[in-house]
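Asker: Pasting a structure below so you can have a look.
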Amino acid sequence: MADRTPMMKQYYKLKNQYPDSILFFRMGDFYEMFDEDAKLAAKELDIALTTRDKGKNDPIPMAGVPYHSVDSYLQRLIKNGYTVAIAEQVEDPKQAKGLVDREVVRVVTPGTVIDEGLLDDSSNNFLIGIAGDGPYGLAAVDISTGDFLVTQLDQQKELISEIVRYEPSECILSSSLINDEQLVENLKQEVPMMINKYKDEAFRYHPAESKLLDQFNTDSLEPLGIQGKKLAVISAGAVLDYLEDTQKRTMDYIQRLQFYSHKDYMTLDATTLKNLEIFQNLRESGKDGTLLKVMDDTVTSMGYRRLRKWLQQPLLDIDLIEERLGAVQELKDEIFLRDDIRDQMDGMSDIERLISRVVYGNASARDLISIKNVLGKLEPLDTILSDAQSDYLLNLKDP
Amino acid sequence: MTDIWELIDDAIIDDPPTTVKEGGIIKEGFDDDLDELKRKTKEGKKWINTLERKEKDRTGIETLKVGYNKVHGYYIEVSKTQDDKVPDHYSRKQTLKNSERYYTEELKDKEEEIISSEEKMEALEYEIFKEIRDEVGDHSKRFQKTAEVLSKIDVITTFAHLAVRNDYNRPEIGENGRLDIREGRHPVVEKTVDSFIPNDALLDMGNNRYIIITGPNMSGKSTYMRQNALITLLAQIGSFVPAEKAHIGIVDRIFTRVGSLDALTKGKSTFMVEMVELANILHNASQDSLILLDEIGSGTSTFDGLSIAWAVTEYINKNIKAKTLFATHYHEITELEKSLKGVKNLHVAVKESEGEVTFLRKVREGHTDESYGIHVASLAGVPDPVVERSMEVLKQIEEDHTIKMETKDSPKFKQVVFDPSTGETSSDSHPVIEELKKLDIENMTPMEAMNELWKLRKEVED
């Protein structure tokens with residue numbers, strides 16, 4: 001290694017910081033990979049494996065993907081269970097004296113993707129963190145929608161059931177939990193997700209608490225409703241820490257935390273969700289023949305995700321149920337009102353996801369136009385809703 | 001959110017390109033500096049457009065052309081045949097086979113002007129775009145709220161739409177723990193069959209707490225149990241339900257124990273999985289829960305299974321008091337209706353005429369005695385010789401029993417449960433008959449059945 005070029009030295013320096021991820025090293029219009037990363041990527045992505053420094057007696061294996069189509073390559077690697085650290089040129093090559101400075105600008109993991117091509121419109125994409133070893137704290141965050149939900153559970157069985165509900169794509173655990181073979185085995189069996197170890201410091205109370213206070217700009221946990229819920233605080237703080245560490249920026253889009261008790265909702269454990277074929281059929285784990293499929297006649301991705309949430313969490317409070325039923329009754333009876341609403345909403349873009357890209361600085365001008373088009377439909381929708389009588393619909397008026 | 005609409009509308013053109021760094025995004029009239037740069041670029045390009053005509057006139061070179069390429073920028077091209085007419089102030093830029101390319105100081109200045117204002121324009125457009133984007137981003141909280149509202153309107157409207165299209169009705173919600181469903185349907189299964197037979201269900205905290213459902217396999221027991229759970233779930237998410245009428249007492253949990261296909265493929269013993277799930281239910285169910293039990297104990301020998309099913313029924317009914325739907329092929333269990341308060345027998349009706357069995361899929365009060373397992377075997381395509389032989393065997397067994405049963409007052413199952421030894425090894429019966437009794441014909445493959453028959457015949461012959 002002594003005779004490596006300065007650029008390769010720069011590469012190895014970055015690679016050493018991200019030994020567990022595939023490092024995409026930006027060189028001009030390409031992201032290059034070297035050594036084992038290159039071999040792995042060549043195999044997984046079906047791209048050519050070449051070498052750098054061909055003349056020398058120890059050429060370095062190299063493979064590259066063009067930057068303009070990086071999304072599809074990322075998608076395949078993430079799907080196959082890898083994480084990718086992206087190193088960009090952080091100064092203008094024209095102005096650089098000598099070697100262009102490069103830095104890892106984010107780490108792409110299944111639970112932290114925001115790119116359009118990497119997300120499934122029809123479902124949330126949750127990253128979860130678990131704290132404690134019974135009772136447990138559980139935090140679930142979707143940075144593409146800003147959902148941040150936290151709860152505490154007594155038993156492992158309840159924990160697993162709750163996790164199954166979220167269908168997370170990634171889970172972070174402290175080193176002590178990752179060594180809990182029983183837990184990890186149960187998680188693997190019930191939820192197909194990436195399980196990552198994350199640094200123990202993040203799973204301590206005080207750092208976690210101050211992360212939360214910072215994030216929500218408050219000086220006590222009380223307004224967040226999780227004061228005294230130690231494990232909930234730790235899981236939530238650890239998840240935030242991980243997000244900042246991988247995304248290299250503050251998580252501005254996460255603006256509220258919802259602490260809930262699983263006792264607010266009907267409990268549907270993993271077995272029951274499976275047996276009743278709510279989200280997946282028993283035969284092939286597909287969507288055909290499921291309750292979700294029958295009930296899905298939503299006209300927006302936002303509505304579809306809401307339907308999934310409701311199916312996962314049936315209510316126990318009669319008043320809340322009656323409110324919804326009252327609104328359904330009205331819309332069932334008022335055919336014009338119903339059709340007008342559906343027509344107005346049909347084809348509405350997913351502003352929840354679009355605005356996350358705006359906040360994270362990834363939105364294009366086209367995204368802003370999509371947002372504008374949705375905003376343009378709000379006033380007419382509001383006018384339509386002003387004919388409504390039921391409390392539930394009236395409460396939804398004038399967002 | 002009209003303010004944000006206006007912000008975007010004022011600044012961004014309606015059909016912008018996908019890239020954000022190459023300009024063409026910001027509307028004219030939004031930013032004076034940007035408009036000035038655009039004007040300069042335009043002017044420069046206009047000047048170049050008129051250059052060709054001007055130079056042709058000035059030099060008299062007919063083949064003179066003004067062109068542009070990425071590497072060399074703007075140039076004046078003259079074919080070699082007219083090289084002699086080129087004025088002195090033209091400087092050579094590039095030589096081609098048949099022509100020469102030149103530039104002039106004036107052209108070079110204009111080019112630099114254009115390039116510099118184009119670069120500035122693109123940079124400025126990007127800056128303005130980022131400002132607009134950040135300003136929109138500052139309202140993300142309002143957007144989240146709006147998205148939440150839109151999603152709820154969408155789902156509620158969808159529920160209304162489904163209620164009309166699928167003929168769902170509004171459930172009554174109560175706290176008395178009573179589930180009273182009239183003409184209920186399975187929301188998923190009804191979509192796959194021509195005519196779905198609706199069924200009533202009544203479960204409460206009193207006499208109808210524990211419903212035992214008997215009936216042949218494939219007669220619709222599972223569908224019936226599941227539809228009641230699904231109707232309850234739909235009611236509690238605020239949807240109308242596939243039933244003529246429904247009163248739904250709030251249920252805190254739904255538990256299910258049904259024969260699971262996936263456990264088999266994962267290589268766990270079915271019986272072990274069954275028991276783990278059962279243990280979970282017995283530990284966690286409350287009197288406000290709804291439990292579905294499908295064929296408890298089918299993964300083990302008949303007597304083990306029956307004993308467990310019996311004990312579970314007693315335990316749930318006495319200790320947990322949860323509303324339970326229990327489908328079973330242990331007809332012996334139905335006897336519990338007589339001794340346990342809250343236990344109620346239902347069965348799925350079957351019509352039999354001239355040896356042909358029709359499943360009516362209608363749930364009725366009381367229990368059935370026959371399991372029609374052989375009929376199911378026939379429906380499933382088990383070869384006729386096996387089906388016919390099974391009928392013969394069954395008939396023999398039944399006849400043997402009838403003779404024996406006549407001499408005893410108490411029904412067979414009581415012996416089995418309360419005194420297993422007598423039931424299992426009755427000394428005066430042929431061992432083959434005992435083996436036949438234990439056969440779980442409904443769950444056998446034709447091959448297994450065939451092998452079993454061979455084995456039995458061999459034993460008789462021996």
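Asker: First check a/c for the range B:16-65, with a ≥ b ≥ c the square roots of the eigenvalues of its C-alpha gyration tensor; if it is under 1.5, answer rounded, and if not, answer prolate when a/b is larger than b/c or oblate otherwise.
Answerer: Verdict is prolate for the range B:16-65.
Asker: So what's the range A:1-139 giving for Rg/Rh, alpha carbon basis, Kirkwood Rh from the mean inverse pair distance?
Answerer: So for the range A:1-139, dividing Rg by the Kirkwood Rh gives 1.04.
Asker: Using a 10 Å cut-off on Cβ atoms, rank the peptides A:81-91, B:207-217, A:10-20 from the highest mean neighbour count down.
Answerer: B:207-217, A:81-91, A:10-20
Asker: Between the range A:27-55 and the range B:218-238, what's the alpha-carbon centroid distance in Å?
Answerer: 54 Å
Asker: I need B:Thr270, B:Thr328 ordered by Cβ neighbour count within 10 Å, fewest first.
Answerer: B:Thr270, B:Thr328
Asker: If you don't mind, there's one more thing I want to ask. Hey, how much of the P(r) for chain A falls beyond 36 Å, as a percent of Cα pairs?
Answerer: I get 34 percent for the Cα pairs in chain A exceeding 36 Å.
Asker: Let me ask something additional. Given bins 5 angstrom wide, list per bin the percent of all Cα-Cα distances in the range A:181-227, short to long.
Answerer: All Cα pairs considered, the percentages come to 5, 17, 18, 13, 13, 16, 14, 4, 0.
Asker: Which trypsin sites (Lys or Arg not before Pro) from the range B:275-363 combine a DSSP loop assignment with at most 12 other Cβ atoms within 10 Å?
Answerer: Passing both the DSSP loop test and the Cβ count: B:Lys341.
Asker: If you take the Cα Rg of the range B:302-368 and divide it by 2.2 N^0.38 Å, with N the number of residues, what do you get?
Answerer: It is 1.28.
Asker: Now, a different point. Given the options B:Asn176, B:Ser239, B:Ile25, identify the residue whose Cα lies farthest towards the positive end of the charge dipole of the protein assembly as shown (+1 on Cβ of Lys, Arg; -1 on Cβ of Asp, Glu).
Answerer: B:Ile25
Asker: Quick query: amide H of B:Lys245 versus all other amide H atoms, modeled in the peptide plane; which residues come in under 5 Å with a sequence gap of 5 or more or a different chain?
Answerer: B:Arg182
Asker: Here's a follow-up. Checking the table B:Lys42/B:Lys141; A:Lys372/A:Lys397; A:Lys13/A:Lys197 against a 31 Å threshold on Cα-Cα, which pairs fail? Don't skip to the end; give the middle numbers.
Answerer: Working: B:Lys42/B:Lys141 41 Å; A:Lys372/A:Lys397 19 Å; A:Lys13/A:Lys197 22 Å.
Exceeds cut-off: B:Lys42/B:Lys141.
Asker: Further question: Suppose we take every Cα in the range A:121-264 and form the convex hull; what volume per residue is that in Å³?
Answerer: It is 104 Å³ per residue.
Asker: Continuing with the same structure: With +1 on the Cβ of every Lys and Arg and -1 on the Cβ of every Asp and Glu, and nothing else charged, how large is the dipole of the range A:1-112 about its Cα centre, in debye rounded to the nearest 20? Don't skip to the answer; put the middle values down first.
Answerer: Numbers: 16 positive and 17 negative charges, 27 e Å.
Charge dipole of the range A:1-112: 140 debye, to the nearest 20.
Asker: Also, quick follow-up: In percent, how large is the relative contact order of the range A:1-73, given Cα pairs closer than 8 Å and 6 or more residues apart?
Answerer: 26 percent
Asker: If all Cα-Cα distances of the range B:206-257 are sorted into 10 Å bins from 0 onward, what percent lands in each bin, rounded to whole numbers?
Answerer: Result, from short to long distances: 20, 49, 29, 2 percent.
Asker: Separate question: Using only the C-alpha atoms of the protein assembly as shown, find the volume of their convex hull and express it per residue in Å³. Don't jump to the answer; show the numbers that get you there.
Answerer: On the way: hull volume 228.6 nm³, N = 861.
Normalising the Cα hull of the protein assembly as shown by residue number yields 266 Å³.
Asker: So what's the back-of-envelope 222 nm ellipticity for chain A, counting only DSSP H runs of four-plus at -39500 (n - 2.57) apiece and dividing by all residues, rounded to 500?
Answerer: The per-residue figure over chain A is -13000 deg cm²/dmol.
Asker: The range A:70-167: which trypsin sites (Lys or Arg not before Pro) are DSSP loop and have at most 11 other beta-carbon atoms within 10 angstrom?
Answerer: Values: sites: A:Arg76, A:Lys79, A:Lys94, A:Lys97, A:Arg102, A:Arg106, A:Lys157, A:Arg165; in loops: A:Lys94, A:Lys97.
Those satisfying the criteria are A:Lys94, A:Lys97.
Asker: Output ³J(HN,Hα) for the range B:121-136: one whole-Hz value per residue in order, computed from phi by the Karplus curve 6.51 cos²θ - 1.76 cosθ + 1.60 with θ = phi - 60°, and x for Gly and Pro.
Answerer: 4, 4, 5, 5, 4, 5, 4, 4, 4, 5, 4, 4, 4, 4, 5, 4
Asker: Relative contact order for the range B:169-370: what is it in percent, counting Cα pairs under 8 Å that are at least 6 residues apart? Can you show the working numbers first?
Answerer: On the way: 402 pairs, mean separation 58.3, N = 202.
In percent, rounded to a whole number, it is 29.
Asker: How large is log10 I(q)/I(0) at q = 0.13 Å⁻¹ when the Debye formula is applied to the Cα atoms of chain B, each weighted equally and without solvent?
Answerer: Listed by q, the Debye log ratios stand at -1.21.
Asker: Work out the P(r) tail for the range B:124-242: percent of alpha carbon pairs separated by more than 20 Å, whole number.
Answerer: 59 percent
Asker: Any chance you could list P(r) for the range B:2-138, counting all Cα-Cα pairs in 5 angstrom bins from zero, rounded to whole %?
Answerer: Whole-percent P(r) values from 0 Å outward: 2, 9, 16, 17, 13, 10, 9, 8, 7, 5, 3, 2, 1, 0.
Asker: Please give the average number of partner chain Cβ atoms lying within 10 Å of the Cβ of each residue in B:227-234, rounded to a whole number.
Answerer: Mean shielding by partner chains, rounded to a whole number: 3.
Asker: Another question, if that's okay. To check you understand DSSP bridge types, tell me what percent of the beta bridges within the protein assembly as shown (both residues inside) are antiparallel, rounded to 5.
Answerer: Working: 60 of 96 bridges.
Beta bridges within the protein assembly as shown, antiparallel portion: roughly 60 percent.
Asker: Take the cross-link list A:Lys94/A:Lys199; A:Lys230/B:Lys130; A:Lys248/B:Lys21; B:Lys245/B:Lys321; B:Lys321/B:Lys351; A:Lys188/A:Lys287 and give me the ones stretching past 29 Å between alpha-carbons.
Answerer: Check vs 29 Å cut-off fails for A:Lys94/A:Lys199; A:Lys230/B:Lys130; B:Lys321/B:Lys351.
Asker: Take the residue pairs B:Lys395/B:Lys437; A:Lys229/A:Lys309; B:Lys46/B:Lys97; B:Lys27/B:Lys110 and return only those whose Cα atoms are more than 21 Å apart.
Answerer: Pairs exceeding the cut-off: A:Lys229/A:Lys309; B:Lys46/B:Lys97; B:Lys27/B:Lys110.
Asker: OK, next. Provide the percentage of antiparallel DSSP beta bridges, counting only those with both residues in chain A; round to the nearest 5.
Answerer: Beta bridges within chain A, antiparallel portion: roughly 70 percent.
Asker: Okay, next question. Looking at the range B:169-370 only, what percent of DSSP beta bridges run antiparallel? Nearest 5 please.
Answerer: Counting DSSP beta bridges with both partners in the range B:169-370, the antiparallel share is about 45 percent.
Asker: In addition: At q = 0.12, 0.19 Å⁻¹, what is the base-10 log of I(q)/I(0) for the range B:65-152 according to the Debye formula with one equal point scatterer per Cα and no solvent? Please give it to two decimals.
Answerer: With one equal scatterer per Cα and no solvent, log10 I(q)/I(0) is -0.57, -0.90.
Asker: Counting pairs of Cα atoms in the range A:270-396, how many percent are more than 25 Å apart?
Answerer: Value for the range A:270-396: 41 percent of Cα pairs lie more than 25 Å apart.
Asker: Now, a different point. Quick check: the distance between the Cα centres of the range A:272-330 and the range B:19-80, to the nearest angstrom?
Answerer: After rounding, the separation between the Cα centres reads 60 Å.
Asker: Still on this structure, I have one more. How much mean residue ellipticity at 222 nm does chain B get from its helices, if each DSSP H run of length 4 or more adds -39500 (n - 2.57) and you divide by all residues, to the nearest 500 deg cm²/dmol?
Answerer: Value at 222 nm, helices only: -15500 deg cm²/dmol.
Asker: Hey, got the average number of other protein chain Cβ atoms within 10 angstrom for residues in B:185-197?
Answerer: Per-residue shielding by partner chains comes out at 2.
Asker: Along the range B:39-47, what does the Karplus equation 6.51 cos²θ - 1.76 cosθ + 1.60 (θ = phi - 60°) give for ³J(HN,Hα), rounded to whole Hz, x for Gly and Pro?
Answerer: 5, 4, 4, 4, 4, x, 5, 5, 4
Asker: Tell me the chymotrypsin sites (Phe, Trp or Tyr not before Pro) within the range B:275-335 that lie in a loop according to DSSP and have at most 15 other beta-carbon atoms within 10 Å.
Answerer: Counting only loop positions with at most 15 other Cβ atoms within 10 Å, none of the chymotrypsin sites (Phe, Trp or Tyr not before Pro) in the range B:275-335 qualifies.
Asker: Using alpha-carbon pairs under 8 Å, 6+ residues apart, how would you state the relative contact order of chain A in percent?
Answerer: Taking the mean separation of contacting Cα pairs over the length of chain A, I get 12 percent.
Asker: Oh, and also: I need the per residue convex hull volume for the range A:253-342, using only the alpha carbons, in cubic angstrom as a whole number.
Answerer: 153 Å³
Asker: Please compute, for peptide A:308-317, the average count of beta-carbon atoms on other protein chains lying within 10 Å of each residue's beta-carbon.
Answerer: Taking the mean over all residues of the peptide, I get 5.
Asker: Over its Cα atoms, what ratio of radius of gyration to 2.2 N^0.38 Å does the range B:169-370 give?
Answerer: Computed over Cα atoms of the range B:169-370, the ratio equals 0.99.
Read-outs throughout are calculated quantities, based only on the coordinates presented, and are distinct from any laboratory measurement. What you see is a predicted model; the values in this text were computed from it and never measured. Neighbour counts are summed over all protein chains in view; Cβ atoms, including those assigned to glycine, are modelled from backbone coordinates with ideal geometry.
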